[in-house]
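Report on the following structure.
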Amino acid sequence: MKKVLCLVLALAMVFALAACGAKPAANPADSGTPAAPDAPASTGSDFNLDNVRSQKFVLAHGLPATGMTGMQYHEFCVAVETLSGGKMVVEEKVGGTLLADTETWDAVRDGEVDFIHSMGSYVSGTVNDLSPLTIAGYYAGDDFLGFCDSIRGTVTDIYGDYGVKYLGALYQANSAIVCTEKQIKSPADVKGMTFRASGTWVSKTVEAWGGAATTIGLADLADAFSKKSVAGTATGWNIIVPFKIYEVAKYVTSTTILEGFAALLMNGDRWNSLNADEQAIISAAARVFEEKSMEIGVKCMNDYRKQVEESGLNEIYDLTPEEQAEFVKLAMGLYDEMAPGLGEKGLKLIEILKQANGQ
């Protein structure tokens, strides 16, 4: 019987990245932050390829294959095929060719597709206990992989209530706050301004900072800045650059606040149809996905920032830890408002997030 050490294989895999090759200034996983409550037990040290059946899966999302998110999810598909010795193949239906991101949740629950990219803010109205992960500032540390481990057990239980298997978190990279009027260095600087926000609790975060939130589609955001119908937004560098926001918003404030929670999810019935060795492969590939998504995200963020710096159009300011703590504290204060509407798992998630942010 051929034994395969899945974690060794996962660590040994070398994936070629098609873009965003700038070397990160630092590895966010090197902080040595202690493991928080829900750190999982090992998924197992080996699996048997003789027990793995030949089968195909479909992964769907609405984002371009060549963009940062597309490359991140592609690494999961490569890992599944590599770890299974080519027996398990994941076909990618991305860029909206099958589903828009707003449609992926229903599709994975109905079994229309096997795997999806799911934005937490899109589903928190249904998956209420996920709401703590949808504020801007749910995590602002420097140990993303440790953070993934800290929430894994609770988030798995939350999605499991809806017949969906949670596999891992997508590294969406740090937010920047862009503004047309002035440099944002404290929540007081946001007061009275209209900021673009997505989702209920991101909007409430903007309001907690003193701003007025409005919903604007990403495709219309640059035009909204040009027309001065919105003054700012907190979003990722992967939005600021591809959507040309930096060309119309002079002031950019860099933070380590994660922008939005997104997850790799699997149809629960399809997961349950797999045997133990096949499940071990999917779990191992999901760990590779988390690691690679961070690696790609960090490199792309550095590359995007370099592009903005070289444009000469902007003034960039990096928040100090003390300045950033003001934004995070106000965001975390929303948990008092949120808590009465949450179940036991959502309340547990709040406690984990507070601990992860040193609150």
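The values are calculated or read from the model by the stated rules, or taken from the named source; none is laboratory data. Model, not experiment: these values are computed from the prediction. We place every Cβ from the backbone using ideal geometry, glycine too, and count neighbours over all the protein chains shown.
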Exercise for review: Would you check if there is a residue in the range 92-106 being in a helix (DSSP H, G or I), within 15 Å of the chain's Cα centre (by Cα), under 16 Å from ALA60 (Cα atoms) and modelled with pLDDT under 95?
Suggested key: yes
Check your understanding: Scanning the range 228-282 for residues that are touching a residue at least 60 places away in the same chain (Cβ under 8 Å) and of a type in the set (Ser, Thr, Tyr), which turns out nearest to ARG152 (Cα to Cα)?
Key -> THR256
Practice item. Could you figure out which of (1) more than 18 Å from the chain's Cα centre (by Cα); (2) more than 30 Å from VAL52 (Cβ to Cβ) isn't true of ILE239? Key: (1)
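Return the only residue of GLU322, GLU337, GLU309, GLU326 being part of a helix (DSSP H, G or I), charged (D, E, K, R) and outside the structural domain of GLY211 (by TED's automatic domain parsing).
Only one candidate passes the filter, namely GLU309.
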Practice item. Give the residues of the range 108-156 that are surrounded by fewer than 19 Cβ atoms within 10 Å (Cβ to Cβ) and among the small types (Gly, Ala, Ser), sorted by residue number. Key: GLY111, GLY125, GLY141, GLY153
**Study point:** Selection count, the range 94-124, where residues are of a type in the set (A, V, I, L, M, F, W, C) and closer than 17 Å to MET71 by Cβ
**Key:** 3
Check your understanding: Does the range 324-336 contain at least one residue that is more than 30 Å from LEU49 (Cα to Cα), in contact with a Lys or Arg (Cβ under 7 Å, 6 or more places away or on another chain) and at pLDDT below 95?
Key -> yes
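Scanning the range 245-263 for residues that are at pLDDT 90 or above and in a strand (DSSP E or B), which turns out surrounded by the fewest Cβ atoms within 10 Å (Cβ to Cβ)?
Checking each candidate, the answer is SER254.
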Check your understanding: Is there any pair with a first residue in the range 65-80 that is without any contact (Cβ under 8 Å) to a residue 40 or more places away in the chain and a second that is part of a helix (DSSP H, G or I) whose Cβ atoms are under 8 Å apart and which are 6 or more apart or on different chains, and what are they?
Key -> ALA65/MET71; ALA65/HIS74
Practice item. Hand me the list of strands (runs of 3 or more DSSP E) wholly inside the range 154-229 holding 1 or more residues that are among the acidic types (Asp, Glu) and at pLDDT 95 or above. Key: none
Study note, to complete from the structure: The number of residues in the range 132-164 that are out of contact with any helix residue (DSSP H, G or I) (no Cβ under 6 Å at 6 or more places or on another chain) and either hydroxyl-bearing (Ser, Thr, Tyr) or at positive phi (or both) is 3
Review point. Surrounded by 23 or more Cβ atoms within 10 Å (Cβ to Cβ) and outside the structural domain of VAL178 (by TED's automatic domain parsing), is that true of SER283?
Key: no
Review point. Going by the structure shown, is SER131 of a type outside the set (Phe, Trp, Tyr), part of a helix (DSSP H, G or I), out of contact with any Asp or Glu (no Cβ under 9 Å at 6 or more places or on another chain) and modelled with pLDDT under 90?
Key: no
